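Asker: Structure incoming, see below.
The values are calculated or read from the model by the stated rules, or taken from the named source; none is laboratory data. All of these numbers come straight from a predicted model, not from anything done at the bench. Cβ placement follows ideal geometry from the backbone for every residue including glycine, while neighbour counts extend to all protein chains displayed.
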Amino acid sequence: MHILDWIVIVLYFGLIGWVAWWYGRHQKDSIDYFLAGRNAGWIVIGASIFTSNIGSEHIVGLAGQGASTGFAMAHWELHAWCLIVLAGLFVPFYYKSAVQTIPEFLEKRFSSHTRLVLSCVSLVLYVFTKVSVTVYAGAIVFRALLPDTFGSPENAFWVGAFSTVIITGVYTVFGGMRAIMNTATPQAVIILLGSFIITAIGLTKLGGWGELVRLASENKEQFALWRPLSDPDFPWLGVLMASPIIGLWYWCTDQYIVQRTLSAKDLPTARRGALFGGLLKVWPVLIFLIPGMIGWAMHQKGIIQLPFKMGADGLATTTIDGDLVFPTLVKLLLPPGIRGLIVACLLAALMSSLASLFNSSASLFTVDIYDKFRPNQSPAHLLLVGRIATTAVVGLGIIWIPVMAQVSKGGLYQYLQNVQGYLAPSITAVFFLGLFWKRINATAATWGLVAGFVLGMVKLTLQTFYGKAKLTTPVLFAQIGDFNPYYSTGVLFAISALIMIVIALLTPPPPEEKIRGLTYGSIHREASDEIHKSWDWGNKLLAGSILVIVLGMYLYFSFWLG
């Protein structure tokens, strides 16, 4: 790292600290702290959705997947269409019901028990996947770029992990959602600009896009977007099952993302903010996944040397360590100053994603759990509890960091999608059945959520300990452990939905007044004009642009290798 790199990084941290202090002075209550006073504009909402999604695990992990599996994971990054579903279908329900959290919406539609189950499942998911994966990815960058700055690469890893978590935690605790959303736009610019730069420089040194296509075509099985059913890792049918289920859960029902739209000043702004986030979401395949493929191609041509994974005996294997591809490109390709900008880009991604996660976790605990057990507390008291809850989430994230060294050996991004694929199906099922079928009642929703969560955790546990190169007895456990994770997502969704349908048919339907305005048919009867007017020409143009771009990318990358 050159002195120019450090200057850029220090300036970035100084700006973030000032923003947190400035907006932290104006926190009055939990609405301010968690929803930025419900006065956000659509550009800020869209940028915040994008920066919340794009953490360091995306930049580091997607580049690693690009180098090792090509476009296999691109299906999960072409989810911009899911934000059309969020804006077109879900936002009117959330906004009209005036909720602060997504579990609170489930209480209105079903019961307090359903709300509590979703809150607890979400908190478990956040702490043990998103916090840990994001922090671990950021620490990998420190270890790769600053191996000797703190005495050893291992020391650099831990310094990077703890410092980024603590600094992000401090500005989240004091700045709240206002700080997060007002830093989102400059962070989005830095992330996009930095990634465009490394992609352009890499393609130039490689010899252009045609050279990348030529080298990838020689390894078509490794880099194709669609894989045959015989593929053990990414069969096309399993991908088609898992990708939409995970995408619709994440983009349409997850507090972590949807919280941004709840901060809008009105319904048209909420919908446009979600669509603007979708327009930004079309870029990650081009600026995060492709750099990993560029790194692989440069390694094949001998232009650079990528690091290899270490074996159990402590010796290097012949397999490229995908999670070190992006940091290696930063270290080897970029000049001083630009390198600092890219590191600032990674820090921006890490901090914005973590900050959003900390704030969303605290809002789930404060609004959905604490306020239910200790109601009628003052706004100032709930604000204090929110800050304490944020601090607690920061602490849990730090405690979980050592475990990530063991659970991420298959690649950060792939690990993240696998875990989400086991916890998302029941949530996706309960929201869609609840909105489109008024017969679904609280009993069905609660039991469907619980059953789906338990079965997902069983699959995750068995996959961790049983199967090939692990424990092989009992045979049934090993078979479940080895069962393709993407097929598993589809099976879990079907089981959860079936449980809800059966229970709903065996129990009394919810009273009509309970579901008024909370199902698709009823809300369009009661607020049809307002909902129709909020889907104006600007929103239609954004939605159309997203569909055209996503469809175009699917068509091109389905046939780009011939």
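Asker: Restricting attention to the range 279-294, and to residues there that are touching a Ser or Thr at 6+ places or on another chain (Cβ under 9 Å) and not hydrophobic (A, V, I, L, M, F, W, C), which single residue is surrounded by the fewest Cβ atoms within 10 Å (Cβ to Cβ)?
Answerer: Restricting to residues being touching a Ser or Thr at 6+ places or on another chain (Cβ under 9 Å) and not hydrophobic (A, V, I, L, M, F, W, C), the top hit is 284.
Asker: On to the next question. Can you pull out every residue in the range 257-270 that is surrounded by fewer than 23 Cβ atoms within 10 Å (Cβ to Cβ) and out of contact with any strand residue (DSSP E or B) (no Cβ under 9 Å at 6 or more places or on another chain)?
Answerer: Correct list: 266, 267, 268.
Asker: If we scan the range 79-92, do we find a residue that is more than 30 Å from residue 236 (Cβ to Cβ), in contact (Cβ under 8 Å) with a residue 24 or more places away in the chain and surrounded by 24 or more Cβ atoms within 10 Å (Cβ to Cβ)?
Answerer: Yes: the range 79-92 contains one or more residues that are more than 30 Å from residue 236 (Cβ to Cβ), in contact (Cβ under 8 Å) with a residue 24 or more places away in the chain and surrounded by 24 or more Cβ atoms within 10 Å (Cβ to Cβ).
Here's the yes/no breakdown for (1) within 25 Å of residue 137 (Cβ to Cβ); (2) among the hydroxyl-bearing types (Ser, Thr, Tyr); (3) outside any helix (DSSP H, G or I):
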{"residue": "355", "(1), (2), (3)": "yes, no, no"}
{"residue": "360", "(1), (2), (3)": "yes, yes, no"}
{"residue": "380", "(1), (2), (3)": "no, no, no"}
{"residue": "385", "(1), (2), (3)": "no, no, no"}
{"residue": "390", "(1), (2), (3)": "yes, yes, no"}
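Asker: Would you call residue 547 of a type outside the set (Phe, Trp, Tyr), loosely packed, with under 15 Cβ neighbours inside 10 Å and under 29 Å from the mean Cα position of the chain (by Cα)?
Answerer: yes
Asker: Please report, ordered by residue number, the helices (runs of 4 or more DSSP H) entirely within the range 491-556 with at least 2 residues that are in contact with a Ser or Thr (Cβ under 8 Å, 6 or more places away or on another chain) and either farther than 30 Å from residue 75 by Cα or of a type in the set (Lys, Arg) (or both).
Answerer: Here the list is empty.
Asker: Take the range 93-144 and flag every residue that is within 30 Å of residue 535 (Cα to Cα), of a type in the set (Lys, Arg) and surrounded by 21 or more Cβ atoms within 10 Å (Cβ to Cβ).
Answerer: 109, 115
Asker: I'd like the full set of residues that are hydroxyl-bearing (Ser, Thr, Tyr) and surrounded by 17 or more Cβ atoms within 10 Å (Cβ to Cβ), limited to the range 445-480.
Answerer: Matches in the range 445-480: 446, 466.
Asker: Please indicate, with yes or no, whether at least one residue in the range 519-537 is out of contact with any helix residue (DSSP H, G or I) (no Cβ under 8 Å at 6 or more places or on another chain) and modelled with pLDDT of 90 or more.
Answerer: yes
Asker: Looking at (1) within 30 Å of residue 102 (Cβ to Cβ); (2) in a loop (DSSP other than H, G, I, E, B); (3) of a type outside the set (Asp, Glu), which is the only condition residue 226 fails?
Answerer: Going through the list (1) within 30 Å of residue 102 (Cβ to Cβ); (2) in a loop (DSSP other than H, G, I, E, B); (3) of a type outside the set (Asp, Glu), residue 226 breaks only (1).
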